[in-house]
Structures are given as structure tokens and as C-alpha cells.
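Everything on this sheet refers to the single structure shown next.
The values are calculated or read from the model by the stated rules, or taken from the named source; none is laboratory data. As the structure is a prediction and not an experimental result, all values here were calculated from the model. Backbone-built Cβ (ideal geometry, glycine too); neighbour counts: all protein chains shown.
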Amino acid sequence: MIRITQAFLMGTIAVCLTAMGAFAGGWKLAYEINREQVQSILHPVAAETGQDAPANSSASGKFDIYWQVWNLVYDEFYRTEPLNPQQMVYGSIRGMLQSLGDEYTLFEEPQAAERTRESMRGSFEGIGVLIQLREGELVITRPLKKSPALEAGLQRDDVIVRIGGEEVSALIAGLEPAEALEAVSQKIRGPRGSTVRLTIRRPSDATATTFEVDIVRDVVPLVSVNAQMLTDQVAYIQITEFTNTTPQEFEEALHELLPQNPTNLVLDLRNNAGGVLQAAREVLGFFYEGTALYEEHRGGSIQQMDTIRDADALRVPQGMPLVVLVNEHSASAAEIVAGALDERYPSTTLLGTPTFGKGSVQNVHKLSDGSSVRITIARWLTPNQKEIHGIGIVPDHLVAAAQGTEDTVPCIGDALPPEGQDTCRDAQLAWGMRFLVDEEIPPTPIPVTSDE
């Protein structure tokens, strides 16, 4: 779990300035930069930040070999285009972090870092649609809730033909899918109050004619909590990730559901890759007061981290039977919540498949040029001080996603049922409901074996 959260392509239109900050952002984009120029950027960090110079001053001597290679690259590398010192520096930072052998200590360039910060904030500025490429066309998979796109009437499966008069086909020509999505995202996104004109083709229109729509960009909330009643007995809350707005969204969900007098609750943490540590502790505070996790820091010191409770906030009724759905994509902050509820909220049952097993905590530092670095600062343990890193959490009842494919449940959120049906297939949710209402125990999946 990171103290901010991992980046993702949202709208694509749906985490301190350290001494190394100068190293990340202070290079001049000139064709040739000599050693003296670069060192003049590296070494005045104390003057710029008001902090002392790095304690390990002997490290500066170890840069001699780095400068040797830097100069050899400039002197000898065959090229038809000028070298990009900024990208060379970014590559150097990545290499340094990779040498630590920790996949969660990493560097993000400014654009990706801003996506991470937006995700952490729980909002971004744009029009608010999720998009994907289908056979070379830019298709809206869905407009986000409370978004300008939704208010403008954009629909699922609409095709964006032009953006501001520019053909999408020309804009994405020759680009890889991820690059293409980023390119169109940059065209569609923009500051609050500005306008973007989209040309849309609606496949459901028999004439297949196009129309134009002007959309005023605004702040778009990134919804991380979905809630609904599955039956008159079973309430359902899904958390897709833990952002700064998740606790408020969770409380709003309780205000919506509890007046309907449910007797059971399903908390869905499947495919939740984690997020903000404080948000996870606040969500746990709706269930109980006490230890949320322990952090084990460098040197072996252990720090207890408690749940965070607002004295006036609504609470999940004590003793309400709770099923927590998890799978192999439940990670980090999602595992903190699942593990803590399993050990501290007595009526909890975990159901699904074993979780991912990410038991580390990262600090995210914003650097001077807008890029960021995530640094692992601790391992976390469950309230019973159980280690899950690289292991995961095994549910009380194992239910595979495809187990009992005939099991159907009310469709969740924007999910659409198969043609001709009014319910969706979800074996794990179906068994969670059976367990809560009928106390029916799911059969243990038969393990897959081989003849090796």
C-alpha cells in the first residue's frame, strides 16, 4: 500500500522535496551539458531547500564513473537526433531505484505523477468519460457519474470521431494503444471552465450520422464507493480503491443503506489494488475502534496504527454479519482492511480467492519538476502482527470467480446483464449472499493438478 496511490489512466476521461529533487528536475534541456553545469545543479540543494547536505558526502566521489559514462555517451554515441538530457536523467533515477531490488520503490515522470495525484485527490479536471480503443476507433465505455460528459448526453459505446475539429484517426495514427489513449486524453482534458468540442457517432442511431457537442470542462469526482441493496436483507458496498474521498463516500453509502434496515452486509474489495493508508484506517473506523495495523520500520521498530473514527459519524451496526469479498487483485490497503476486519470485527467472513500479498508502505514525494518518487518506508502487519507480504490473505471460504457459473445476482452499478436476462453472473457474490442469508457453506474448489 502506498500512502498516496498507484497511477491509472482515468478519463483518459474516466503522492517533499528531497535532496534528489534537484537531480530530478534541475537539468537544462540543452544539447550539451558538461559536468560542471550538472554539479552546479546537484550540490546547491542545501541552499535551495534550507536542509543540510546529504549525510553520505562520500557518495559524490562515486559519481566519477557516472560522469565518465555520461561524457562517453556525448562523445561517442551514434545518433541522428540530439540527445535528451532530461530523459537520460530520468533513466538514471530509474536505474538507481531498480538497484534497490524493490519493485514498489519507483519513479514517475511528471505526466504519470499528476495522474497519481489526481487519483489520490479523488477528482480531476476534464469532461469525465472512460474510453478505449476498439478496432481503431475511440469508444466511450461509460460517462462517469456527476460528470459534464453525462450531463451533455454522451452514452456508452458512443464513438469520438473528432476532438476540436481534429480527426481522431490522424491523432492516433502509428501510436501504440497506450500512447494513443494518452494522446487523445491530453486533447480532451483541460482546465475547469474551458470548452472542448467533440464530434460523436452513435452506433445505436440507424442513420449512423455524426453530431457535435460542446462540453464545458469541470472538476470530475472519481467515485471509489458503489452501494446498493441486493435484497431487502443484504446491503452491498464496493470500494474500488482508497482515495482521500473514500471515507466520505463510505459514510454516504451507509446513510443510503442503513435506513432500509438491512440485516447483512457485503463489502466488496475485489480488484481493489490499494491506495491511501489514512483512508483505509478511516473506513475501518466505521466498523470498530482499535488497532488497524502495525508498521515495521527500518531497524525493526514497530509502530501501532489505530483506526480513525469521527465521533459524529454513522457506524456499521455492531454484530451485523459481514462478508468481505477478495480476490488475487485485492492488494495493499484493501488487504489491510480485509485482514483487520477478519481479526477485529467478530462477525466477518472472508470469501473469494487469496489476495495479492503486498505488505509494504510507500511515501510519495513530489519533486521540483512535477515528477515523483515512491520510497518503501515500512512493512505492515495485521492487528495480530501477521506478515502477509508475498503471501497474501487466504479467505475463510475459497470460491473461484467461475465457480458455479449459473449463479446470478443483481447487477452491480453500471454492469449490464447478458442479452435477454435481467441479472448478472457473479459466483463469489452469489455465494456471499447464500452464506449470509441461508448460512450455506460453499464447496471447496477442486484444485487443478498436473501429471508432472
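Of the residues that make up the range 265-285, is at least one within 22 Å of the chain's Cα centre (by Cα), basic (K, R) and in the same structural domain as P410 (by TED's automatic domain parsing)?
Yes, there is a match, as at least one residue in the range 265-285 is within 22 Å of the chain's Cα centre (by Cα), basic (K, R) and in the same structural domain as P410 (by TED's automatic domain parsing).
Got a sec? Which strands (runs of 3 or more DSSP E) wholly within the range 110-149 have at least 2 residues that are modelled with pLDDT of 90 or more, under 18 Å from V168 (Cα atoms) and not assigned by TED's automatic domain parsing to the domain that holds D414? Break it down stepwise before answering.
Working: elements: 123-126, 129-134, 137-143.
Where strands (runs of 3 or more DSSP E) fall fully within the range 110-149 and carry at least 2 residues being modelled with pLDDT of 90 or more, under 18 Å from V168 (Cα atoms) and not assigned by TED's automatic domain parsing to the domain that holds D414, they are 129-134, 137-143.
So that you can scan it fast, the table gives a plain yes or no per residue for (1) on the phi > 0 side of the Ramachandran plot; (2) out of contact with any strand residue (DSSP E or B) (no Cβ under 7 Å at 6 or more places or on another chain); (3) β-branched (V, I, T):
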residue	(1), (2), (3)
K358	no, yes, no
G370	yes, yes, no
L381	no, no, no
D396	no, no, no
L436	no, no, no
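If P383 satisfies every condition in (1) touching a Pro at 6+ places or on another chain (Cβ under 7 Å); (2) crowded, with 22+ Cβ neighbours inside 10 Å but one, which is the exception?
Answer for P383: the failing condition is (1).
Please enumerate the residues belonging to the range 303-320 that are acidic (D, E) and closer than 21 Å to P383 by Cβ. Step through it out loud before you land on a result.
Start the filter on the range 303-320 by keeping residues that are acidic (D, E), which leaves 306, 310, 312.
Hits for the range 303-320 are D306, D310.
Does any residue of the range 287-303 turn out to be in a loop (DSSP other than H, G, I, E, B) and buried (at least 22 other Cβ atoms within 10 Å of the Cβ)? If you could, list the steps in order and put the result at the bottom.
If we filter the range 287-303 for residues that are in a loop (DSSP other than H, G, I, E, B), which is where we start, we get 287-290, 298-301.
Those still in the list that are buried (at least 22 other Cβ atoms within 10 Å of the Cβ) too: 287.
Yes, the range 287-303 contains a residue that is in a loop (DSSP other than H, G, I, E, B) and buried (at least 22 other Cβ atoms within 10 Å of the Cβ).
Select from the range 399-413 the residues that are among the small types (G, A, S) and modelled with pLDDT under 85 and write down the one among them that is surrounded by the most Cβ atoms within 10 Å (Cβ to Cβ). Lay out the reasoning, then the answer.
Taking the range 399-413 first, the residues among the small types (G, A, S) are 400-402, 404, 413.
Checking which are modelled with pLDDT under 85 leaves us with 402, 404, 413.
Values: A402: 10, G404: 17, G413: 13.
Taking the candidates together, the pick is G404.
State the number of residues belonging to the range 266-314 that are acidic (D, E) and either in contact with a Cys (Cβ under 9 Å, 6 or more places away or on another chain) or closer than 19 Å to N384 by Cβ (or both). Step through it out loud before you land on a result.
Within the range 266-314, the subset acidic (D, E) is 268, 282, 289, 295-296, 306, 310, 312.
Restricting the remaining residues to those that are either in contact with a Cys (Cβ under 9 Å, 6 or more places away or on another chain) or closer than 19 Å to N384 by Cβ (or both) gives 289, 295-296, 306.
Number of matching residues: 4.
What is the one condition in (1) within 20 Å of the chain's Cα centre (by Cα); (2) crowded, with 23+ Cβ neighbours inside 10 Å; (3) assigned to a loop (DSSP other than H, G, I, E, B) that P395 does not satisfy?
(1)
Consider only pairs whose beta carbons are under 8 Å apart and that are at least six residues apart or on different chains; among these, list those whose first residue lies in the range 268-297 and is over 23 Å from V364 (Cα atoms) and whose second residue is among the acidic types (D, E) and in a strand (DSSP E or B).
Listed pairs, sorted by first residue: E289/D306; G290/D306; T291/D306.
Have a look at Q155, Q87, Q111 and point out the one that is surrounded by 13 or more Cβ atoms within 10 Å (Cβ to Cβ) and over 15 Å from R189 (Cα atoms).
Details: Q87 fails: surrounded by 13 or more Cβ atoms within 10 Å (Cβ to Cβ); Q111 fails: over 15 Å from R189 (Cα atoms).
It is Q155.
Only one of these is over 19 Å from V323 (Cα atoms), surrounded by 18 or more Cβ atoms within 10 Å (Cβ to Cβ) and assigned by TED's automatic domain parsing to the domain that holds G352: E241, E249. Name it.
Numbers: E241 fails: over 19 Å from V323 (Cα atoms).
Only one candidate qualifies: E249.
Can you tell me which residue among I131, I93, I160 is among the aliphatic types (A, V, I, L, M), surrounded by 18 or more Cβ atoms within 10 Å (Cβ to Cβ) and under 20 Å from the mean Cα position of the chain (by Cα)? It would help to see each step written out before you state the result.
Details: I93 fails: under 20 Å from the mean Cα position of the chain (by Cα); I160 fails: under 20 Å from the mean Cα position of the chain (by Cα).
From the options I131, I93, I160, the qualifying one is I131.
Output the residues belonging to the range 353-394 that are in contact with a His (Cβ under 9 Å, 6 or more places away or on another chain), under 13 Å from L106 (Cβ atoms) and of a type in the set (S, T, Y).
S360, S372
When the range 346-387 is examined, which residues are found to be under 21 Å from L269 (Cα atoms) and touching a helix residue (DSSP H, G or I) at 6+ places or on another chain (Cβ under 6 Å)?
Result: T348, L350, L351, G352, T355, T382, P383, N384.
Collect the residues in the range 201-220 that are surrounded by 11 or more Cβ atoms within 10 Å (Cβ to Cβ) and either closer than 30 Å to R121 by Cα or not assigned by TED's automatic domain parsing to the domain that holds V168 (or both), keeping them in residue-number order.
Going residue by residue through the range 201-220, those that are surrounded by 11 or more Cβ atoms within 10 Å (Cβ to Cβ) are 201-203, 205, 210-213, 215-220.
Within the range 201-220, V213, I215, V216, R217, D218, V219, V220 meet the criteria.
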